[in-house]
1. For MET198, only one of the following conditions fails: (1) buried (at least 17 other Cβ atoms within 10 Å of the Cβ); (2) within 13 Å of the ligand (Cβ to nearest atom); (3) within 19 Å of GLU39 (Cβ to Cβ). What is its number?
2. Identify all residues within the stretch 144-155 that are open to solvent by 10 Å² or more (accessible area, probe 1.4 Å) and either near the ligand (Cβ under 9 Å from one of its atoms) or of a type in the set (S, T, N, Q) (or both); write none if there are none.
3. Looking at (1) within 15 Å of the ligand (Cβ to nearest atom); (2) in a helix (DSSP H, G or I); (3) touching a helix residue (DSSP H, G or I) at 6+ places or on another chain (Cβ under 8 Å); (4) within 14 Å of TRP53 (Cα to Cα), find the lone condition where THR158 falls short.
4. Hey, among the residues in the stretch 164-205 that are in contact with a strand residue (DSSP E or B) (Cβ under 8 Å, 6 or more places away or on another chain), basic (Lys, Arg) and part of a loop (DSSP other than H, G, I, E, B), which one's nearest to LEU95 (Cα to Cα)?
5. Going by what's in this entry, would GLY140 be described as farther than 25 Å from VAL58 by Cα, assigned to a helix (DSSP H, G or I) and either of a type in the set (Gly, Ala, Ser) or within 15 Å of the ligand (Cβ to nearest atom) (or both)?
Amino acid sequence: MDKNSIKEQVLNAFNFRHACKEFDATKKISDDDFNFILETGRLSPSSLGLEPWKFLIVQNEDLRKQLKEVSWGAQGQLPTASHYVIFLTRNKNELSYNSQYVRDMFENVHHMPKEVANAIIEKMEDFQKNDAKVLDSERGIEDWSSKQCYIAMGNMMTSAAMIGIDSCPIEGYHRDSVEKILADANLLDKSKFTVACMTAFGYRKNEPKRAKTRQSMEEIVTFVK
Ligand SMILES: Cc1cc2nc3c(=O)[nH]c(=O)nc-3n(C[C@H](O)[C@H](O)[C@H](O)COP(=O)(O)O)c2cc1C
């Protein structure tokens with residue numbers, strides 16, 4: 001396929017994607033298609049390659065009902081989505097430069113020799129303490145870690161749109177209540193993870209009510225020459 005056709009296809013997907021409020025509950029995403037979406041999440045970039053995420057796919061009806069009670073932004077999506085993803089992200093215990101998780105990622109996933117891992121961890125300590133200042137509070141590192149999840153979320157929504165699957169990113173929920181529901185169901189180890197964001201996937205019930213509205217390029221872009 002030539003470059004212009006690819007660009008057209010990608011832009012069509014970006015225009016097709018909208019924050020879908022209600023899905024056709026009778027239409028399910030095939031395993032093959034959903035695995036493709038997950039794979040684009042798995043291949044997403046993350047700071048220092050630490051992949052701080054876990055993708056929790058909530059297909060249990062009772063659990064979705066409990067989540068609906070505390071998720072004002074997902075009232076139409078939770079009961080109708082084909083697949084409902086909660087992005088868990090690692091907390092301060094897990095993502096501080098001196099954690100076992102960080103060492104394991106460098107040495108066992110990225111196959112770095114010990115001395116290379118040590119050098120990166122030393123640089124990471126300086127980055128976390130002095131550059132990004134994410135170690136100042138529990139929330140600081142969780143926000144840093146959540147940002148990585150939003151990249152995976154964005155990629156998954158785009159790849160879904162490329163194959164005609166709708167989605168909605170969701171932040172409209174009471175975080176403490178969601179975490180309690182998940183912890184009570186043994187789905188969240190609070191010593192390691194926190195909830196970053198959620199996304200519903202499925203097939204739209206209705207066409208979007210409004211055409212896309214966006215600021216113009218001139219309003220948001222500055223080229224510095
Ligand atoms: C981080 C984030 C959180 C969002 N949370 C919700 C939500 O809880 N419920 C909802 O219906 N839409 C939610 N949205 C959708 C936005 O309102 C929507 O993307 C925006 O209005 C632009 O519209 P469009 O996505 O249809 O182009 C969220 C979007 C983002 C990026």
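1. Here MET198 meets the rest and fails (3).
2. Within the stretch 144-155, SER146, GLN148, TYR150, MET153, GLY154, ASN155 qualify.
3. Single failed check for THR158: (4).
4. Top of the filtered list is LYS192.
5. yes
The values are calculated or read from the model by the stated rules, or taken from the named source; none is laboratory data. Since the model is a prediction, treat every value here as computed from it, not as a measurement. Reconstructed Cβ throughout: ideal geometry from the backbone, glycine too, with neighbour counts over all protein chains shown. Surface areas here come from the heavy atoms of the whole protein model, side chains and all, with no ligands, DNA or RNA. Shrake-Rupley method; radii C 1.70, N 1.55, O 1.52, S 1.80 Å.
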